[in-house]
Amino acid sequence: MNAITDESRAVLARGVRLRADPLTGEPLLLFPEGILPLDESTHDILLRCNGELSFAGIVRALSEEYEAEPEVLRADVAACLTQLREEMLVAW
Amino acid sequence: MNYRPYLLLAELTYRCPLHCPYCSNPTRYPDGRELTTAEWQRVFREAADLGVLHAGLSGGEPLQRADLPELVATAHEAGLYTNLITSAVGLNETRLAQLKAAGLDSIQISFQADEEFAANRIAGAATHRVKLTAARLTRAAGFPLTVNVVLHRDNIDRLAQIIALAEELEAERLELANTQFYGWAFRNRAALLPTRGQIAAGSAVAARERKRLRGRMRILFVTPDYYSDRPKPCMDGWGRRYLTVNPAGEVLPCPTAKEIKELRFDSVRDHALGWIWHESPAFNRFRGTEWMPLPCRECEFREIDFGGCRCQAALLAGDASVTDPACSLSPYRARLTEFVEAAQNNAAPDFEYRQNPPFHPLP
């Protein structure tokens with residue numbers, strides 16, 4: 001499994017859908033036989049996994065949104081995406 | 001407590017071109033015609049309104065329904081994640097294109113073994129090659145693929161080869177489900193129950209391969225509860241997260257609930273799905289912990305395994321309201337252990353193959 005780099009373009013894996021819970025509004029990932037409720041920061045990351053932004057671009061966008069230094073966010077975003085990739089919910 | 005269903009299993013028909021002896025469909029099919037297209041469409045919309053997120057389209061073989069793309073489209077438009085659970089017999093390029101256009105999210109294909117001769121013998125039909133072709137077409141059409149193999153005495157020794165087949169087919173998920181003994185499988189349990197040695201070897205292979213394929217293929221391996229001390233948390237509790245609608249429209253807390261003869265299951269033909277889920281006697285019969293007998297009522301695991309499986313209690317103890325006999329605390333466990341021990345050395349009897357309903361009343 002190749003590690004994430006600045007150029008990696010993460011997207012939702014095939015068959016994975018991001019949607020709001022129709023009853024609670026809570027963000028969810030839906031995939032075969034599975035439902036994963038998302039915390040706010042994971043949701044913010046996944047909203048940007050649209051194939052247009054590179055990993056560096058996602059970190060930059062989030063740093064603007066949160067008014068935080070990119071270097072502070074970088075490791076957390078990488079860890080989050082790597083974990084989701086191991087679970088085959090995102091791909092790059 | 002306000003219960004919400006998350007997953008609807010829609011058993012669209014009992015018709016099936018395969019005759020697998022491990023099938024959990026009932027051995028006595030309910031009377032009545034299959035639900036019509038319009039009836040199923042109402043079920044999907046009402047399910048979405050109740051909070052259901054996933055719809056599994058199953059059977060029997062759901063591809064036997066000519067209106068399948070129409071049903072998928074309705075479920076999809078209602079916001080449901082749609083998963084086709086199929087033998088793949090009848091899954092060709094035209095059908096795949098129709099299902100894609102209808103919004104189908106994923107496809108699960110069953111295999112009976114890794115090689116043709118064994119697979120066809122288990123299925124009671126010459127379908128293995130058809131499945132291989134259909135699985136490749138499924139990938140080519142851009143669907144995520146789950147391969148499902150029900151494990152039993154006759155195929156579990158080939159687990160490494162079965163995993164290799166799923167890998168070759170580029171499945172994202174592989175469900176290795178040890179046979180659950182209900183319906184036809186219960187009739188065939190002496191032929192199907194693996195030995196203790198087979199389970200141990202299979203578990204080791206699954207663990208090793210899961211590690212090797214991490215990030216490429218998710219492997220689920222469910223150990224059989226006949227070999228466990230603790231019962232499974234069946235359906236995550238009765239009427240708690242899941243509902244099944246069978247081909248005749250009866251709504252069940254689990255696909256095999258008709259094993260419980262004293263319960264009457266209401267039909268979507270007579271009631272709204274929401275009423276059946278929240279109010280019907282069958283859905284409330286084993287909800288929560290109030291119904292529990294001893295030792296469940298005072299057990300520290302009562303909210304973890306929910307007393308196990310009600311159908312198994314009915315089948316093995318003759319009473320759906322007692323502790324699941326798979327539990328070491330059940331007074332019926334000794335009888336189950338006797339059966340398990342006898343299976344260690346017995347020659348397996350021949351399969352009694354699954355039969356279709358004697359006639360197929362179409363909607």
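Of the residues B:Asn92, B:Asn155, the single one that is among the polar types (S, T, N, Q) and surrounded by fewer than 19 Cβ atoms within 10 Å (Cβ to Cβ) is B:Asn92.
Within region A:40-53, does at least one residue satisfy the condition of being closer than 14 Å to A:Ala3 by Cα and in contact (Cβ under 8 Å) with a residue 12 or more places away in the chain? Give the steps one after another, and end with the answer.
Restricting attention to region A:40-53, the residues satisfying the condition of being closer than 14 Å to A:Ala3 by Cα are none.
Scanning region A:40-53, I find no residue that is closer than 14 Å to A:Ala3 by Cα and in contact (Cβ under 8 Å) with a residue 12 or more places away in the chain, so the answer is no.
Among helices (runs of 4 or more DSSP H) entirely within region B:177-230, having at least 2 residues that are surrounded by fewer than 21 Cβ atoms within 10 Å (Cβ to Cβ) and either within 14 Å of another protein chain (Cβ to nearest Cβ) or without any contact (Cβ under 8 Å) to a residue 12 or more places away in the chain (or both) singles out B:196-212.
Can you tell me which residues in region A:21-68 are outside any loop (DSSP other than H, G, I, E, B), within 13 Å of chain B (Cβ to nearest Cβ) and loosely packed, with under 14 Cβ neighbours inside 10 Å?
As a first pass, look at region A:21-68 and keep what is outside any loop (DSSP other than H, G, I, E, B): A:27-31, A:34-37, A:40-47, A:50, A:55-66.
Checking which are within 13 Å of chain B (Cβ to nearest Cβ) leaves us with A:27-31, A:34-37.
Across region A:21-68, the qualifying residue is only A:Pro37.
Could you tell me whether any residue of region B:124-135 is among the small types (Gly, Ala, Ser), more than 14 Å from chain A (Cβ to nearest Cβ) and assigned to a helix (DSSP H, G or I)? Walk me through it before giving the result.
Of all residues in region B:124-135, those among the small types (Gly, Ala, Ser) come to B:124-126, B:134-135.
Pick out the ones that are also more than 14 Å from chain A (Cβ to nearest Cβ) and you get B:124-126, B:134-135.
Keeping just the survivors that are assigned to a helix (DSSP H, G or I) gives B:134-135.
Scanning region B:124-135 turns up at least one residue that is among the small types (Gly, Ala, Ser), more than 14 Å from chain A (Cβ to nearest Cβ) and assigned to a helix (DSSP H, G or I).
Scan B:Ala171, B:Ala166, B:Ala101 and give me the residue that is among the hydrophobic types (A, V, I, L, M, F, W, C) and surrounded by fewer than 24 Cβ atoms within 10 Å (Cβ to Cβ). If you could, list the steps in order and put the result at the bottom.
On the way: B:Ala171 fails: surrounded by fewer than 24 Cβ atoms within 10 Å (Cβ to Cβ); B:Ala166 fails: surrounded by fewer than 24 Cβ atoms within 10 Å (Cβ to Cβ).
Just a single option satisfies the conditions, and that option is B:Ala101.
Is it true that B:Thr289 is at pLDDT below 95 and within 20 Å of B:Arg240 (Cα to Cα)? When the stated conditions are applied, B:Thr289 passes them. Among the helices (runs of 4 or more DSSP H) confined to region B:32-118, the ones with at least 3 residues that are under 22 Å from the mean Cα position of the chain (by Cα) and within 14 Å of chain A (Cβ to nearest Cβ) are located at B:37-50. From the list B:Pro295, B:Pro233, the one residue that fits, being at pLDDT below 95, out of contact with any helix residue (DSSP H, G or I) (no Cβ under 8 Å at 6 or more places or on another chain) and either closer than 16 Å to B:Asp324 by Cα or of a type in the set (Lys, Arg) (or both), is B:Pro295.
The values are calculated or read from the model by the stated rules, or taken from the named source; none is laboratory data. Note that the structure is a prediction, hence the values are computed from the model and not measured. We place every Cβ from the backbone using ideal geometry, glycine too, and count neighbours over all the protein chains shown.
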